[in-house]
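A short worksheet on the structure shown next.
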Amino acid sequence: MAPRMNPRKKNASPGLRRTLLVLWMVASLGYWMASIIGLWQYSVHWDQRVQPPLQLDYDSARIEPDDLQPGATAAGLSAGDHIDELNGAPYSGRAQWETVLAESHPGDILEIQFTRPNGSSGIANLTLARAPWAHGRTSALVVFWQAFFVAGLLPLICLLIGYWVVFSRPFDRNAWLLLILLTFPTVLFLDLSLATGIGFFLRQCWFEAIQLVGPPALLLFGVYFPERSRLDARARWIKWALLAAWAIALSFLIPDMAADYYFGGAGRLLIRTSDIAGNIVNLLNLAFVVLFFALLLDKLRSASTADGRRRLRVLTLGISLGVGALLVVFILLPHFGVSPHNPRYFWLEYLAAVLFMVAPLTLAYVVVVQRALDVRVLLRIGTRYALAKATLWAIQIALLVVIAFRLVVPLLQDRQPSPSDVAWSLGCIALIIAFRFGISRFIQNWVDRRFFREAYNAELVMNELSDEVRRFTETQPLLETVARRIRETLHVDQIAVLLHRGSDFHLAEAFGVSGDGGLTLSAQASSVRYLLNSSEPARLYRNDPDAWYLMAGTAERHAFELLNTELLLPLLGRNRLMGLMSLGPKRSEAAWSRTDLQMLQTVARQTGLALEVSELAHSLAAEAAQRERVNREIEIAREVQERLFPQQMPVLTGGSIAGACRTALGVGGDYYDVIDLEDGRIGLAVGDVSGKGISAALLMASLRASLRGVTLDGPRDFARLMHKVNRLVYEASASNRYATFFFAAFDPAARKLECVNAGHNPPVLLRNGQVIRLEADGPVVGLLPFAPYTEQTLTLEPGDLLLLYTDGISEAMTSADEEWGEERMIAAASAVRKRPAEEILRALFTAADAFTAGAPQHDDMTLLILKLDQSMNLMNGTADAFIPPEAQAV
């Protein structure tokens, strides 16, 4: 079977594909219609066309010696003259020349300004002559219809076949490649006759584009149809190297083409490079065609499936017959004097055209059909089908001939048709309409039923079902839709679906069966194990049962009797069996064919995946609800933690204090505190608990409680204080949990700072350009039951700035993992050191955010700042007193 695009791997939506197809249809049909209009004017209104007076070399804009008409010579033009202007307009290229000829009529004057090879210039006024009639006594109308049959009708049929293939297989890569190949005949048989202006430009672009992409599309079709070539699987670089060389050559060729058409010709260098590029493109195009046939022949032997080999045999026969007919009629026979242009052998052209249509029809067949028939079977069925169609067409053609003789011929001879002629013509037209809209449809349906017994196209069922399945997130509507579609399509009256629930498979949907909702199959049932291991449908023949049925228990066999099972389908998810589908016999009691099994297996696979998606959707919904509850709990925890931080900073006469903590995960393990020690001193604390999130927040709360507890009596021995905190945290936390911690007491009266550092980042004291770090003098708290700590004491000076921070500030990182660092932090603080503490705090957070430039925050960020004013002086040996918040309120 030819490979189909997996709906889960689509690189474009159905809407986009439909839009592309519509645009392709507009462009290709627009080109075809414009070319047919040009063909009509060229054939029927031939007396309005002019004969080109000369032939131009478009690269050099010089007159070539070939086809130089006497009128041009008489007007003073000669070979080698350079064309400067046409009808007073500077010569701009082939497009201008073609437009002038298309818009002119016999007898018009064409003014040409030119330059001779010797450098002299001149002006020639040419009277344009009528183009000669080259078809003898054949009427213009007959010439048109003869040309239309080959150059117009066949390309149109190819286009329509291409559209139908893509409509049938919108997600099949080979269908789109085939559309390009079937568009190629429009530019092969139709030219740009009588195109002018923007129409000439658009048609020329389309003409060149299809001419250029046709051979690469043929190569890619050979690589991927009906399966990827084994040669390409081993060395796919060959394909891309050829296509890259082709694209590079085009990049040199296209400027020359544009120069010829619109820029008055190309320069010597461009001509030389475009000639080389053109030769390369031609060689590569030839290589693409040769590689296509080579890949085709190789796959005839190496295709992995019998269906693939059948498709390739059909394709080889069709292309050989279609392309071979053209080669024989237009290349081989003329060498023996038998030319289709000879009136005696005019029928050869039509025969070749009809035989050529075998190729696009074959291409469409092997891409669209669900399972290809063998060549011999296909020829036999095709012959009968063709005879049935031929009979219908013969009747209609006969009616058209009658209309032609009764109505059209008298009108062409300027005779008034008789009433009987009109009556005959109207009767024939009525019969043709009846054939086209009534009898023909009846005959077509009869032919399909008679000659195509396997006419239920699996692609139609799968596409429609796939579209509906994607819209379902609920299990019950999904099962109802699948069961109803199979019932209506295959005429099966008894369908049941059992889904895996817990340890058993329970009846979830049923049509026409006597079982109730209590019908179950064990997960260890013989049928379940067989379906799970084989992943294939299981046919149940009770008169000749398979081994799995012989191994089934009594309850399992009874369940199949209740369901009247003839076929079991596994509903497979990605890695497990989601359920199984039981189908009863067809109404016609016909056997399940291979086509039926393939179609049902695909439908069952899609249903299993849809069930898994539905189950996943419900699971995700439950997880989302759970996550919402967790998020709400975390929000509550965050609000609680926010209340643990200082809610109001004390006012320090002659200085200021500010602090803030910004967590990375809503709640965190960073801690800072400002404590009134009740003897005029201010306690300053900052800590960083190992880890992040809820666990760190809990340990942070324990650390705060421990600190608040040991500072109630206004301690003076900070080494002992830290020892108590360490002991409390150690007893309240896990063995792998700890915290870095810094605590200080500031006496505003003496400007004395007493502190102890338990493994925390050294706070930074900025003083008149100096940077003083308060290094750690003890281990982290909570890790060891006993640890020594040493107290430090220093005296602050007016204008000093003390920064207490966690590593989340100094190690703030950009998306490139570059750290902000202590140096940048100190520099940012130094730049605003004269401001109050609150402004310094905001400035540092702003500077850190500016550096990270929106990168995710990796760690909690905490800052506590003590800033002394320059005017803070000792008062009677002491500084201005610290006013605690409660005293301020009073």
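The values are calculated or read from the model by the stated rules, or taken from the named source; none is laboratory data. None of the values given here were measured: they were computed from a predicted structure. Cβ atoms come from the backbone with ideal geometry, glycine included; neighbour counts cover every protein chain shown. These accessible areas exclude ligands, DNA and RNA; they are computed on the full protein's heavy atoms, side chains included. Shrake-Rupley method; radii C 1.70, N 1.55, O 1.52, S 1.80 Å.
List of remarks:
- Any hit, segment 560-568, residues being in contact with a helix residue (DSSP H, G or I) (Cβ under 7 Å, 6 or more places away or on another chain), modelled with pLDDT of 85 or more, closer than 19 Å to residue 535 by Cα and open to solvent by less than 10 Å² (accessible area, probe 1.4 Å): yes
- Members of segment 1-28 that are at pLDDT below 80 and of a type in the set (A, V, I, L, M): 1, 2, 5, 12
- Cβ-Cβ contacts under 7 Å between residues 6 or more apart (or on different chains), taken from a first residue in segment 826-837 that is in a loop (DSSP other than H, G, I, E, B) to a second residue that is not aliphatic (A, V, I, L, M), are listed as 832/839; 836/656; 836/867.
- Residue in segment 531-539 that is within 43 Å of the chain's Cα centre (by Cα), open to solvent by 60 Å² or more (accessible area, probe 1.4 Å) and closer than 18 Å to residue 609 by Cβ present: yes
- The listed residues are 619, 614, and the only one of them that is within 30 Å of residue 483 (Cα to Cα) and surrounded by fewer than 12 Cβ atoms within 10 Å (Cβ to Cβ) turns out to be 619.
- Criterion violated by residue 157 - all others in (1) modelled with pLDDT of 85 or more; (2) on the phi > 0 side of the Ramachandran plot satisfied: (2)
- Test for residue 831: is it at pLDDT 70 or above, exposed (fewer than 15 other Cβ atoms within 10 Å of the Cβ) and under 42 Å from the mean Cα position of the chain (by Cα): no
- Check on residue 765, modelled with pLDDT of 90 or more and either buried (at least 20 other Cβ atoms within 10 Å of the Cβ) or of a type in the set (A, V, I, L, M) (or both): yes
- Check on residue 724, under 20 Å from residue 869 (Cβ atoms) and open to solvent by 20 Å² or more (accessible area, probe 1.4 Å): no
- Meets criteria (modelled with pLDDT of 80 or more, closer than 21 Å to residue 497 by Cα and open to solvent by 30 Å² or more (accessible area, probe 1.4 Å)) for residue 626: no
- Flag if residue 179 is at pLDDT 90 or above and within 24 Å of residue 300 (Cβ to Cβ): no
- Scanning segment 807-820 for residues that are closer than 16 Å to residue 849 by Cβ and either touching a residue at least 12 places away in the same chain (Cβ under 8 Å) or more than 43 Å from the chain's Cα centre (by Cα) (or both) turns up 808, 809, 810, 811, 812, 813, 814, 815, 820.
- The single condition among (1) touching a residue at least 24 places away in the same chain (Cβ under 8 Å); (2) under 27 Å from residue 368 (Cβ atoms); (3) open to solvent by less than 40 Å² (accessible area, probe 1.4 Å) that residue 211 does not satisfy is (3).
- Meets criteria (modelled with pLDDT under 80, in contact with a Ser or Thr (Cβ under 9 Å, 6 or more places away or on another chain) and closer than 25 Å to residue 166 by Cα) for residue 370: yes
- Matching strands (runs of 3 or more DSSP E) fully within segment 647-700 where at least 2 residues are open to solvent by less than 30 Å² (accessible area, probe 1.4 Å) and within 18 Å of residue 757 (Cβ to Cβ): 670-676, 682-689
- Only residues that are open to solvent by 60 Å² or more (accessible area, probe 1.4 Å) and among the acidic types (Asp, Glu) were counted across segment 87-107, and they come to 1.
- Of the residues making up segment 50-70, those that are open to solvent by 50 Å² or more (accessible area, probe 1.4 Å) and either outside any loop (DSSP other than H, G, I, E, B) or β-branched (Val, Ile, Thr) (or both) are 57, 62, 70.
- Hits in segment 835-876 - residues which are open to solvent by 40 Å² or more (accessible area, probe 1.4 Å) and either closer than 15 Å to residue 764 by Cα or modelled with pLDDT of 90 or more (or both): 835, 836, 838, 839, 842, 846, 849, 850, 851
- Looking across segment 727-758, the residues that are of a type in the set (Ser, Thr, Tyr) and either assigned to a helix (DSSP H, G or I) or open to solvent by 60 Å² or more (accessible area, probe 1.4 Å) (or both) come down to 730, 735, 738.
- Residues located in segment 701-716, provided they are part of a helix (DSSP H, G or I), more than 55 Å from the chain's Cα centre (by Cα) and hydrophobic (A, V, I, L, M, F, W, C): 705, 707, 710
- Residue pairs meeting the criteria (Cβ under 7 Å; at least 6 apart or on separate chains; first farther than 30 Å from residue 141 by Cβ, in segment 16-42; second not in a helix (DSSP H, G or I)): 17/170
- The number of residues in segment 759-777 that are under 23 Å from residue 689 (Cα atoms) and part of a loop (DSSP other than H, G, I, E, B) comes to 8.
- Within the option set 81, 59, 47, being among the acidic types (Asp, Glu) and closer than 23 Å to residue 204 by Cβ holds for one residue only, 59.
- Failed condition for residue 705, given (1) without any contact (Cβ under 8 Å) to a residue 60 or more places away in the chain; (2) open to solvent by less than 40 Å² (accessible area, probe 1.4 Å); (3) within 18 Å of residue 645 (Cβ to Cβ): (2)
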